[in-house]
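To start, the structure itself, in structure tokens.
The values are calculated or read from the model by the stated rules, or taken from the named source; none is laboratory data. Since this is a predicted model, take the numbers as computed values, not measurements. Cβ: placed from backbone, ideal geometry, glycine included. Neighbour counts: every protein chain shown.
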Amino acid sequence: MKTFLNLIFGACFFFISCEEEQFNNDLNNYNLDNTKELKSKTKNKEGLNYLRQCYIIDVDRCDTPNQPEANFWWPSSPTSYYEGYFSSTDDHSITFTEYNNGTARIFGSTKLNNCVAYVDVWLKDKKDWTEWSAIGGEFKKEGCADGIQENLMFYVIDSEKSSITAVGGDCLEEGTFSVEQRPDPFDMNTPNYGVHVGPGGANWDSNVGEYGLSGWGWLVNSQGKRMWVMDFNFRLDCVEEPCSPCDGKVTDLSLRYNGSIVNANVKIKQKKDDKIVFDGVVQPGESFSFTGKDKKGTLGTEIIISINGVEHIKLHTSCSKPVGPGTLVGDFEIVDGASRNGGKLCPEEDPAGDDCNECDGKATSLEMQYIGEKPTAFITVKQKKDEKIVFEGNVMSGNSFSFSGKDKKGTLGTEITLFIDGIENTKIHTSCSKPIGPGLISGDFKILRGSSYNGGEFCPIFSDDDEDDEDDEDDEDEDCGECEGKVTFLEMKYNGDDESANVRVQQKKDNKTVFDGTVVSGSSFSFTGEDKKGTLGTEIIIYVNGIENTRIHTSCSKPIKIGLSFGDFEILNGTSREGGQFCPSDN
């Protein structure tokens, strides 16, 4: 009997030791210390492209007494708040890696006394707050990090791929556990918090606004019983993957659908072998990803995108033409991607660039800006021939909207009509018989981008007013223009009574701080927009010593020029996205 027990004990010890050794081998292979590997290695063994890799920093638990700095909590009961805190050591640390397909991995080891937890947890289904809240997801706001739900991304734990192995006498239980999301996202009687990542994401850390993660789970035994609760809570020190120009054909792409069709069935196939690389239902504003399926894992030389069974547009993936985040492809925008030899694709600073053409074969898609006087208008866009509605919705003045054609070939036909609040405002020829492209103004609308069936991306055109301005040598303000397309840059002078003051400037929509510093009365300071298009959004709020001093409309819906004053501040210089340099005020 004694021999039998010794055999069992030896087998258990051998199992855990071997598992621990294998884990340590994996951890060494995964280590971030090798900087050369980090810069050159764009894929992991599963073939996923890195977006970023992060070191984990233990949180300070908001300086709560009897709660040590930690990154992982495994208590004996859900209310045992003063025990079970695991921390990093010289020999035990964790990394966090995000991939371009909406997944992430928490990997490494952490320690409490002589109990070591070996962590290999996968996260999936990455969503922003709009997407997360739309499916009933919530934000668990606790602690002291002051995270803002709109600034965070949300995942759920992938229980099929996740495990935590505990080794050591001080562990509540030794062995390997699977990990499930807590609360259960499929239980309608409990909230769905998921795992959130972003600024202020480490709930229990007093470094307000620092990048971090919080998540909650169960440790589940081999019989499927939920044994213990656990939490992740840590700050992140991340290294972005370097980008390079496309080289050796595109391997991976993430696209955002900017069209107006709800429940659009999007199918993408490789041109050469007709292999389907994506086939699914996509909503307006939703992003999705896919990977090449040729022999080398690339998308070949070209892909064909169809919407609801109708060919919509083609995209060159051979690297012979510029491709990268920001490139518009009909009703789609590239948000991320990678190539076989170059790794992560760099953003295209000017997506149209030299790779643009005149309209040929009817327009297929348009991105337009509403420049009317009404602060918000209900806009309808109809094709002339079949009166199909290609866009319908509320748009704020200065904002843009996109749509694509709905005829048999996916074009807009020969003409479209635009209505504001049910009243016809203008018509635009889309047959290519008249000039059409970025810069064209028609009624209360301006074309920002577009494409045609045979010509692809439109080249910019100049309106008659632009040509007249170029010939007018006596116009003293020829190098300045009215605000158009939202403000991108401002230089301001502080004229307050305080000799010096702390000035903070914040974008209204996303709460991003674009300036924060001490300014002496009579001196100037400057800042630049930080939204996705490099603008300041529709409005900025300026605080002096923590108190709101003034607000400035930056949507171009109200006059904004050099010399105008707002509160204790005067505009000295500025630019807008479409209008360029500001003109001086008439006053």
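Worth a mention:
- Hits in segment 562-587 (condition: in contact (Cβ under 8 Å) with a residue 40 or more places away in the chain and assigned to a loop (DSSP other than H, G, I, E, B)): Asp568, Arg577, Glu578, Gly579, Cys583
- Among the residues of segment 104-126, those identified as over 21 Å from Pro185 (Cα atoms) and either buried (at least 17 other Cβ atoms within 10 Å of the Cβ) or in contact with a Phe, Trp or Tyr (Cβ under 8 Å, 6 or more places away or on another chain) (or both) are Phe107, Gly108, Ser109, Thr110, Lys111, Leu112, Cys115, Val116, Ala117, Tyr118, Val119.
- Residue among Val505, Val514 that alone is part of a strand (DSSP E or B) and either over 29 Å from Asp336 (Cβ atoms) or of a type in the set (S, T, N, Q) (or both): Val505
- Of all residues in segment 109-128, those satisfying the criterion of being among the aliphatic types (A, V, I, L, M) and either touching a helix residue (DSSP H, G or I) at 6+ places or on another chain (Cβ under 9 Å) or without any contact (Cβ under 8 Å) to a residue 60 or more places away in the chain (or both) are Leu112, Val116, Ala117, Val119.
- One residue alone among Glu150, Glu131 is modelled with pLDDT under 90, surrounded by fewer than 18 Cβ atoms within 10 Å (Cβ to Cβ) and either under 21 Å from Asp187 (Cα atoms) or not assigned by the TED database to the domain that holds Gly201 (or both), and that residue is Glu131.
- Yes/no for Ser178 being outside the structural domain of Ser339 (by the TED database), part of a strand (DSSP E or B), within 21 Å of Ile57 (Cα to Cα) and small (Gly, Ala, Ser): no
- Residues in segment 208-235 that are more than 23 Å from Tyr81 (Cα to Cα) and assigned to a strand (DSSP E or B): 1 in all.
- Any hit, segment 330-346, residues being touching a His at 6+ places or on another chain (Cβ under 9 Å), more than 30 Å from Ile560 (Cα to Cα) and of a type in the set (Phe, Trp, Tyr): yes
- The criterion of at least 3 residues that are more than 21 Å from Glu131 (Cα to Cα) and aromatic (Phe, Trp, Tyr) is met by none of the strands (runs of 3 or more DSSP E) wholly inside segment 275-350.
- Selected residue (criterion: surrounded by the fewest Cβ atoms within 10 Å (Cβ to Cβ)) from residues of segment 86-103 that are in contact (Cβ under 8 Å) with a residue 24 or more places away in the chain and over 19 Å from Val195 (Cα atoms): Ser87
- Strands (runs of 3 or more DSSP E) contained entirely in segment 355-458, each with at least 2 residues that are surrounded by fewer than 19 Cβ atoms within 10 Å (Cβ to Cβ): 376-383, 389-396, 415-420, 423-429
- Selection of segment 318-347 for residues being of a type in the set (D, E, K, R) and more than 18 Å from Thr298 (Cβ to Cβ) yields Asp331, Glu333.
- Here Gly309 fulfils each of the conditions (1) in contact (Cβ under 8 Å) with a residue 40 or more places away in the chain; (2) surrounded by 19 or more Cβ atoms within 10 Å (Cβ to Cβ) apart from (2).
- The condition of being in the same structural domain as Ile164 (by the TED database) and farther than 30 Å from Pro68 by Cα holds for only one of Ser287, Ser222, Ser260, that being Ser222.
- Candidate set from segment 549-561 (those that are hydrophobic (A, V, I, L, M, F, W, C) and in a loop (DSSP other than H, G, I, E, B)); member that is modelled with the highest pLDDT: Ile560
- The set of residues from segment 511-569 being more than 24 Å from the chain's Cα centre (by Cα), surrounded by 14 or more Cβ atoms within 10 Å (Cβ to Cβ) and of a type in the set (Val, Ile, Thr) comprises Val519, Ile542, Val544, Thr550, Ile552, Ile560, Ile562.
- Number of residues in segment 243-290 that are surrounded by fewer than 16 Cβ atoms within 10 Å (Cβ to Cβ) and charged (D, E, K, R) equals 6.
- Reported count of residues in segment 157-182, each being over 16 Å from Thr110 (Cβ atoms), surrounded by fewer than 17 Cβ atoms within 10 Å (Cβ to Cβ) and not acidic (Asp, Glu), is 2.
- Cβ pairs under 8 Å, 6+ apart, first in segment 221-242 and on the phi > 0 side of the Ramachandran plot, second surrounded by 14 or more Cβ atoms within 10 Å (Cβ to Cβ) and at pLDDT 95 or above: none
- Residues satisfying the stated conditions in segment 236-272, i.e. in a strand (DSSP E or B) and among the hydroxyl-bearing types (Ser, Thr, Tyr): Ser244, Thr251, Ser254, Tyr257
- Of the residues making up segment 330-354, those that are buried (at least 21 other Cβ atoms within 10 Å of the Cβ) and at pLDDT below 80 are Gly330, Ala352.
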